[in-house]
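Below is one structure, written out as structure tokens, with a few remarks after it.
The values are calculated or read from the model by the stated rules, or taken from the named source; none is laboratory data. A quick note: this is a predicted structure, and the numbers were derived from the prediction, not measured. Every residue, glycine among them, receives a Cβ derived from its backbone with ideal geometry; neighbour counts consider all protein chains shown.
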Amino acid sequence: MFIDLAKISLRAGNGGNGAVSFHREKYVAAGGPDGGDGGKGGDILFVADSHLSTLADFRYKRKYAAEDGVNGGSRRCTGKNGADLIIRVPHGTLIKEAETGRLLVDISGEDPVVVAWGGKGGWGNARFATPTRQIPRFAKPGRLGDRLEVQLELKLLADVGLVGFPNVGKSTLISVVSQAKPEIANYHFTTLSPVLGVVRLDEGSSFVMADIPGLIEGASEGVGLGHDFLRHVERCRLLVHVVDVSGIEGRDPIQDFETINQELKAFNPQLAERPMLVAANKCDLATPEQISAFKDYIHGQGLECFELSAATNRGAKELVGAIGAKLVNLPPILEFEPEPFTPPEVDPQAFEIAKQGDVFEVDAPWLEPVLSTVNMNDYESLQYFQRVLVQSGIIARLEEMGVDEGDTVRILGFEFDYVR
């Protein structure tokens, strides 16, 4: 099954906590603090894999987490870094923020790209030793890794895209000029997913052609299958518009040509400016007058038109040669640039204080990892916690709200009496 959209959750590894430890060794008095730092959490990287062609794997697994860093140990031992998580996706996958739709990265190259960064490890108590604070009984916790939901969107990497109404011969054409073997039958929507084929010109020279299925009137608005696959046309350097010039199905070839072009423009105005060649297919079923009238119209639009009968291989070589010559002077396959983003200015030490009866409730989620490392039975550790409260402005705000000696202050479930 061809899947080209998927939403997944990413959690980079958390940093390991710093250790609180003191050196103990026979005949060594007052060994001092020797708690090591925590390890860094693992990153989440995306890399393109040429063996993948759809996002089907992400239909069954939607949550991805990198390994956490290991906590620090005694003897100044630093915890092991968490292993990075590498997620493999097809070439041409766009990674966007699920909530905003902002493009984070286009996985079109060969190099791995970090999308979610692991948290840094916390410092052990050995780092806090000073001549005046010789036995610190606290350490820093590791930082949390990035957490985000992303939307994966596959836009195939192809030099040439075949567009046109269903049943005009696109699948037959790609099967004739390449080794692709799409299903071919005489009914609409035989092709239910894009088909890629490599067309070889000379030794060492080739290009990738894509059969884009399901384009009909209203495709840009979700009619038929076209809305699902129009996105795959966006990267193509050159479009080949295949038209049934015989009108065997009762449609007007010129009207078909105009309708598909309007749908391309409605989906993305830039597609209307994309270089295009026109293949007048099924010439073996058309009259000379039909062929001549259609070619005159196309030439009037300033485009090249090639007579083609894909079923009998007539004109295929000439069309392929013209495509190869055209591609030489065209820019490489489009790669999408990540959208610039300026994060909103958020105070990393923001807090709110509410008075409920005689209790002052402090809401400061960023204090949770700090509080988890504080030893309430150690004077220096409590001093460290108090300095954090002073430096963040929490104490000043409490005093502004009229806190008195002995009043109860509650922070993340921990209660203490206020002392000036």
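The numbered conditions (1) out of contact with any helix residue (DSSP H, G or I) (no Cβ under 9 Å at 6 or more places or on another chain); (2) not in a loop (DSSP other than H, G, I, E, B) are all true for Val242 except (1).
Of all residues in the stretch 306-314, at least one satisfies being under 17 Å from Asp256 (Cα atoms) and not charged (D, E, K, R).
Screening the candidates Gly16, Gly79, Gly101 for the property of being assigned to a loop (DSSP other than H, G, I, E, B) and closer than 22 Å to Leu334 by Cα yields one hit, Gly101.
Residues of the stretch 366-375 that are exposed (fewer than 15 other Cβ atoms within 10 Å of the Cβ), of a type outside the set (S, T, N, Q) and touching a residue at least 24 places away in the same chain (Cβ under 8 Å): Glu368 alone.
Within the set Ala210, Ala180, the sole residue that is assigned to a strand (DSSP E or B), within 32 Å of the chain's Cα centre (by Cα), modelled with pLDDT under 90 and not assigned by TED's automatic domain parsing to the domain that holds Thr100 turns out to be Ala210. Contact map, the stretch 312-330: residues that are without any contact (Cβ under 8 Å) to a residue 40 or more places away in the chain paired with residues that are of a type in the set (A, V, I, L, M), Cβ distance under 7 Å, separation 6+ or inter-chain. Pairs shown: Arg314/Leu308; Gly315/Leu308. Residues in the stretch 144-162 that are touching a strand residue (DSSP E or B) at 6+ places or on another chain (Cβ under 6 Å) and of a type in the set (Gly, Ala, Ser) were compared, and the one that is modelled with the lowest pLDDT is Ala158. Taking the criterion of being over 24 Å from Leu152 (Cβ atoms) and modelled with pLDDT of 70 or more, the residues of the stretch 213-242 that qualify are Leu238, Leu239, Val240, His241, Val242. Determine whether Phe165 is touching a Gly at 6+ places or on another chain (Cβ under 9 Å), at pLDDT below 90 and not hydroxyl-bearing (Ser, Thr, Tyr). No: the conditions fail for Phe165.
Can you find even one residue in the stretch 273-295 that is assigned by TED's automatic domain parsing to the domain that holds Glu234, among the hydroxyl-bearing types (Ser, Thr, Tyr) and part of a helix (DSSP H, G or I)?
Yes.
Within the stretch 289-344, the set of residues being under 25 Å from Ser171 (Cβ atoms), modelled with pLDDT under 90 and hydrophobic (A, V, I, L, M, F, W, C) comprises Ala310, Ala311, Ile333, Leu334.
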